[in-house]
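Below: the structure, in structure tokens.
The values are calculated or read from the model by the stated rules, or taken from the named source; none is laboratory data. The model shown is predicted, which means the values in this text are computed figures rather than measured ones. Positions of Cβ are backbone-derived with ideal geometry, glycine not excepted, and every protein chain shown enters the neighbour counts. Protein only, heavy atoms only, side chains kept; ligands, DNA and RNA dropped before computing areas. Shrake-Rupley method; radii C 1.70, N 1.55, O 1.52, S 1.80 Å.
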Amino acid sequence: MKPIVPTENGYLADEYGKYAPDTARGTNGGPNRSFPVQVAELPAATKAWALTLLDFDAVPVAGFPWIHWLVTNIAPEQTTLPANASRDLTTQLIQGKNSLASPFVKNNDLDAAKHYIGPTPPDKTHNYQLTVYALDQLLPLTNGYWLNEFYHASAGHILAQAQIELPSRA
């Protein structure tokens, strides 16, 4: 199993992060157009797949790993999420909260917290961790779930997982 995403010169394509055009930014000014994700070679028994996009390089800056995007219960027949799926496919995707939902974030945007929020590394290039999970069942989660709820619900139901690092420039 392998996730495939668009890159430019080894970095996440600019249009999905800090250097996104104004048309791909939310009300909080952050990039909000999710990048396309394609998965290949899901195990035959896959009933759904999921993804997490986390920034562990944010710990020295924010004090915790920054959650950028959580999605679960994607049908195995849907092997590609198109660009902007986080906003365009809201009735087809179950999405969790990103770190904008944190009470520790100033001016947190609770609407934006329900979708993809793109990388905006403030200090240096950050390596974002995209993990894709093949699941043996749909998870009993609803929109707005927390990352720890995903981990608890998926325990014992992960058939395979694959991870890639997506650098995004400061």
**OP:** Determine, from the Cβ-Cβ distance of Thr125 and Ala44 and an R0 of 45 Å, the FRET efficiency 1/(1 + (r/R0)^6), rounded to the nearest 0.05.
**Re:** 0.75
**OP:** Please express the Cα-Cα pair-distance distribution P(r) of the chain as a list of whole percents, one per 5 Å bin, running from 0 to the bin with the greatest distance.
**Re:** 2, 9, 18, 23, 22, 15, 8, 3, 0
Original post:
What's the extension gain from Phe64 to Asn28 if we count 0.36 nm per residue and subtract their Cα-Cα distance?
Top reply: 10.9 nm
**OP:** Roll a 1.4 Å probe over the protein chains and send me the accessible area per residue for segment 2-168 in Å².
**Re:** 48
Original post:
Using only helices, what value at 222 nm comes out for the chain when you add -39,500 (n - 2.57) per DSSP H run of length 4 or more and divide by the total residues, to the nearest 500 deg cm²/dmol?
Top reply: -2000 deg cm²/dmol
Original post:
Going down the list Lys2/Lys47; Lys2/Lys97; Lys2/Lys114, which pairs span over 20 Å between their C-alpha atoms?
Top reply: Lys2/Lys97; Lys2/Lys114
